[in-house]
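Before any comments, here is the structure.
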Amino acid sequence: MYILALESSCDETACAIIEATHEYGHPQHRLLVRADVVASQAAVHARFGGVVPEVAARHHIQNLIPVIDEALAQAELSLTDISALAVTRGPGLIGALLVAVQAAKALAFARKLPLVGVNHLEAHLLSAYLEAEIPSTRPPLPHLGLLVSGGHTSLVLVHDFGRYEVLGTTCDDAAGEAFDKVGKLLGLGYPAGPLMDRLSTSGDPSAVTMPRAMLGAKRGLQMSFSGLKTAMAAHLQANGLPDSEQAMADLCASFQAAVVEQLCRKTALALDKHKLPAVVLSGGVACNRALRAAVAKLCAARGVSFFVAPPRLCSDNAAMVGAAGYYRLWRGERADLSLNAVANLPL
C-alpha cells in the first residue's frame, strides 16, 4: 500500500509517499520512503529572525501542489496508486496547518480514499520506525522518547503506538528555540541551531561557564532553557560579542554543552525511574551531533538500546507523518471531512 502524507505545521511544506511492504500488523511489515519532498521557507523568514505565521501560510499555499506533484514523480506513481492519506492536524501554526489539512480532505473526497489526521509530535516520535529492518533495528515497545525540537522538548514514555505518556517537558523555551534565540544574540542569523552545531565542533565547551538548570530531585523530569538564554545575554552585555572565530566557537560550544547536559541528565533520571530498554531521540535538534553522541554514550553506559532517525528524517518532514499515519490506519482509525487543524493539539 502507498500512503501519501502532507505536513505544513510551521515553515516546511512537505509531501512524502510511504510504501508499506506488508498488510497492517504483519510482523514483517516495513515502511519504505518512496518519496520525501520538503520545500523550506528558512530563507524567507531569515530576514525576520523567526517564522512569521501569515507569511508561512501564504507560502504553503503556493508550494503545496508543486510539492505533491514532485513527490508523485519521485515515487513514479500517480494518485490512482495511492491507498490512503495522512496529514498533520496539530500542533502548529493554525493558518499553516489548515493548508495541508484542507488539501488532504479534498484529495480524500475526490479519490474516495481513507484519511487520518496525525499529531506532529507523534510523527517525530515514530520517525525511527521508517525503513527499519525487522525486527532488530526497530525500537522496542515500550521505550523512552526524547523529543527535542524548535517548539517542543519532552520526555515521553511510548507504551505502544497511540499510547503516550508525557513524563516531563520544558517549563519555558524549547531547546531548539533557545539555540535560535541565542544564535540571534550572537548575530548568527536564523535558523542558528545548525550553524552553532558546526561552530561548536572546534570550540572548547568549558571555555565559558554556563549554568546547569533544573538541578535537584524536586525538579523531577521538568526542564528549562530560558535561563541559559538569559545567561548568554548577560555574558554578552558584560563582554561583548566574541572578537575571533575561535572565541565564537568556544562560546557556542559552552552553550551547547549546557543544553546537552540537561537533556542527558533528565534522560538518565527517566531511565532510572522507569527501567526502559531503549531510548529514541527525535525532533529537529536530534540532528545536533553533540546531542546524538551524548545520548548514545549515556545509553551505552546504562546498557540500553539507542535509536535515532537519519538527520533528514529528524527535522520537519512528511515521511514521519506517513509512518504515524500507517499505525493509525492499522488501528482502524479513519477521519471524515470534519477533520480540522488544532493549534495546541496534545500528544
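The values are calculated or read from the model by the stated rules, or taken from the named source; none is laboratory data. Note that the coordinates shown come from a computational prediction; the quantities given were computed from them, not determined experimentally. For neighbour counting, all protein chains shown are included, and Cβ atoms are generated from backbone atoms with ideal geometry for every residue, glycine included.
For Leu147, are the conditions met, namely being buried (at least 19 other Cβ atoms within 10 Å of the Cβ) and under 18 Å from Val51 (Cβ atoms)? Steps first, please.
On the way: buried (at least 19 other Cβ atoms within 10 Å of the Cβ): yes; under 18 Å from Val51 (Cβ atoms): no.
Here the answer is no, as Leu147 does not meet what is asked.
Give Ala106, Ala57, Ala46 a once-over and let me know the one that is without any contact (Cβ under 8 Å) to a residue 40 or more places away in the chain and surrounded by fewer than 23 Cβ atoms within 10 Å (Cβ to Cβ). Full working, then the answer.
Values: Ala57 fails: without any contact (Cβ under 8 Å) to a residue 40 or more places away in the chain; Ala46 fails: without any contact (Cβ under 8 Å) to a residue 40 or more places away in the chain.
None of the others qualify; the one that does is Ala106.
Kindly indicate the residue of segment 211-260 that is under 22 Å from Val156 (Cβ atoms) and charged (D, E, K, R) and also surrounded by the fewest Cβ atoms within 10 Å (Cβ to Cβ) among those meeting that condition.
Of everything passing the filter in segment 211-260, Lys218 is surrounded by the fewest Cβ atoms within 10 Å (Cβ to Cβ).
Of everything in segment 85-122, what is touching a His at 6+ places or on another chain (Cβ under 9 Å), β-branched (Val, Ile, Thr) and assigned to a strand (DSSP E or B)? Give them in sequence order.
Within segment 85-122, just Thr88 meets the criteria.
Where the second residue is aromatic (Phe, Trp, Tyr) and the first is closer than 17 Å to Glu19 by Cα and lies in segment 297-324, which pairs have Cβ atoms under 8 Å and are six or more apart or on separate chains?
Filtered contacts from segment 297-324: Ala323/Tyr129.
Against the condition modelled with pLDDT of 95 or more, within 27 Å of Phe179 (Cβ to Cβ) and touching a strand residue (DSSP E or B) at 6+ places or on another chain (Cβ under 8 Å), how does Ser9 come out, does it pass?
Taking the combined requirement at face value, the residue satisfies it.
Residue-wise test of (1) under 19 Å from Gly284 (Cβ atoms); (2) modelled with pLDDT of 95 or more; (3) assigned to a loop (DSSP other than H, G, I, E, B); (4) over 12 Å from the mean Cα position of the chain (by Cα).
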| residue | (1), (2), (3), (4) |
| --- | --- |
| Ile134 | no, no, yes, yes |
| Leu155 | yes, yes, no, yes |
| Glu165 | no, yes, no, yes |
| Lys181 | yes, no, no, yes |
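Checking Ala39 against (1) in contact with a helix residue (DSSP H, G or I) (Cβ under 9 Å, 6 or more places away or on another chain); (2) modelled with pLDDT under 95; (3) not in a loop (DSSP other than H, G, I, E, B); (4) not charged (D, E, K, R), which single condition isn't satisfied?
Against the list (1) in contact with a helix residue (DSSP H, G or I) (Cβ under 9 Å, 6 or more places away or on another chain); (2) modelled with pLDDT under 95; (3) not in a loop (DSSP other than H, G, I, E, B); (4) not charged (D, E, K, R), Ala39 comes up short only on (2).
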